[in-house]
Amino acid sequence: MSGAAGIRGVPGESELATRLELALERGGLSLFYQPKIHLRTGALAGVEALARWRDPDLGQVPPSSFVAVAELFGLIDALTEWVLKEALRQWTMWAEQGLKVHMSVNVSALSLRDPWLPDYLHRSCAQAGVPCDQLTVEVTESATQHIVRLLQTLSRLRLKGIGIALDDFGTGYSSLLQLRQLPYSELKVDQAFVREATSSREARVIVKAVIDLAHGLGLIATAEGVEDMETLELMRDLGCDDAQGYLLAKPLPGQALAEWVLGEGPRWRSACGGAGEAMPSCPT
Ligand code: C2E
Ligand code: MG
Ligand code: MG
């Protein structure tokens, strides 16, 4: 299984599934949050919730492994439910501290097959007291997805005010046909292109074309995997709206994210000229 590197004594998939099921029942997972900023102002655009699982015997298991196992062993809806509940709980905790932070959650294409998902998300937001427009669902395309059914589900999500980001665009199964037909609100440029954009002309041309494509379709363009200042500046110069990556912050626990927003956040705002200041190159 890909992504299993780093697990002590790699177990089989079914053992991993048993352990994951237990972790879901007993609160063995956590959510980390990675900030995203607006490139023109440096203001916080939102956070992406990313699941983390530390098994007592296996140590940290990467999401690339346990999400795949959850999909294979019928645990994906339980994982999606847990992630959503926890993300909404964190949203309200930040709101109590005076922080209103747009929240993006990753939802597997398998969970999108459930026709009740839009109602479930709507009800969950209402119960938690979170406005639906504070939530974005990040989806990656799948070759097996039935386009008509997907169109119905995504349209119902958008009607409820929930955003939909097409994740990892440019790799996997992402197709221009789906982009034309489905009601996305945001397009996330895959980090494979973003990372190479400063050194490879071809990658830069692709990133620019994807950003223009997003804008032409009325979508927000977000660059994933921004690791250095040169890349951040290039993304801004290419007209990209938002950026996310280790340069800004790695995924952080909820309280650490709140501290980042109060401490690092204003430095990015001034670095990007958000408070009317000149555009310097970087906070040090
Ligand atoms: P993703 O949704 O594309 O999330 C971005 C991934 O890139 C995260 O990896 C994040 O930690 C990593 N990343 C962010 N900035 C940088 C950077 O500057 N450099 C590099 N090298 N990496 C960066 P993570 O947390 O390991 O998640 C991997 C994938 O697992 C996610 O990709 C997403 O597809 C999936 N995933 C994570 N959490 C969940 C979840 O709660 N539910 C579902 N269904 N999938 C999830
Ligand atoms: Mg994502
Ligand atoms: Mg991504």
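Tabulated results
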quantity	calculated
Residues of segment 40-58 classified as among the hydrophobic types (A, V, I, L, M, F, W, C), away from ligand 2 (no atom under 15 Å from the Cβ) and without any contact (Cβ under 8 Å) to a residue 60 or more places away in the chain, total	2
Candidate set from segment 12-51 (those that are of a type in the set (Val, Ile, Thr) and surrounded by fewer than 21 Cβ atoms within 10 Å (Cβ to Cβ)); member that is farthest from Glu259 (Cα to Cα)	Thr18
Ala203 buried (at least 17 other Cβ atoms within 10 Å of the Cβ), of a type in the set (A, V, I, L, M), modelled with pLDDT of 95 or more and at negative phi	yes
Selection from segment 198-212 of residues that are closer than 19 Å to Thr136 by Cβ and either touching a residue at least 40 places away in the same chain (Cβ under 8 Å) or more than 19 Å from the chain's Cα centre (by Cα) (or both)	Val210
Where Met235 falls short, out of the listed (1) surrounded by 14 or more Cβ atoms within 10 Å (Cβ to Cβ); (2) hydrophobic (A, V, I, L, M, F, W, C); (3) at pLDDT below 95	(3)
Residue match in segment 240-247 (condition: surrounded by fewer than 20 Cβ atoms within 10 Å (Cβ to Cβ) and part of a helix (DSSP H, G or I))	no
Search result, residues across segment 59-99 that are away from ligand 2 (no atom under 16 Å from the Cβ), in a helix (DSSP H, G or I) and among the β-branched types (Val, Ile, Thr)	Val69, Thr92
Selection within segment 146-172 - farther than 23 Å from Glu196 by Cα, of a type outside the set (Ser, Thr, Tyr) and crowded, with 19+ Cβ neighbours inside 10 Å	Leu150, Leu154, Leu157, Ile162, Gly163, Ile164
Residue that is farthest from ligand 3 (Cβ to nearest atom) [pool: residues in segment 100-118 that are in contact (Cβ under 8 Å) with a residue 12 or more places away in the chain and over 19 Å from the mean Cα position of the chain (by Cα)]	Pro115
Out of Arg149, Arg158, sole residue that is at pLDDT 95 or above, out of contact with any Leu (no Cβ under 8 Å at 6 or more places or on another chain), of a type in the set (Lys, Arg) and away from ligand 3 (no atom under 16 Å from the Cβ)	Arg158
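Okay, residues lined up against (1) under 26 Å from Val148 (Cβ atoms); (2) within 16 Å of ligand 1 (Cβ to nearest atom):
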| residue | (1), (2) |
| --- | --- |
| Gln181 | yes, no |
| Lys188 | yes, yes |
| Ala192 | no, yes |
| Ile211 | no, no |
| Glu230 | no, yes |
| Gly239 | no, no |
| Pro251 | no, yes |
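The values are calculated or read from the model by the stated rules, or taken from the named source; none is laboratory data. As the structure is a prediction and not an experimental result, all values here were calculated from the model. Cβ coordinates were reconstructed from backbone atoms using ideal geometry, including for glycine residues, and neighbour counts include every protein chain displayed.
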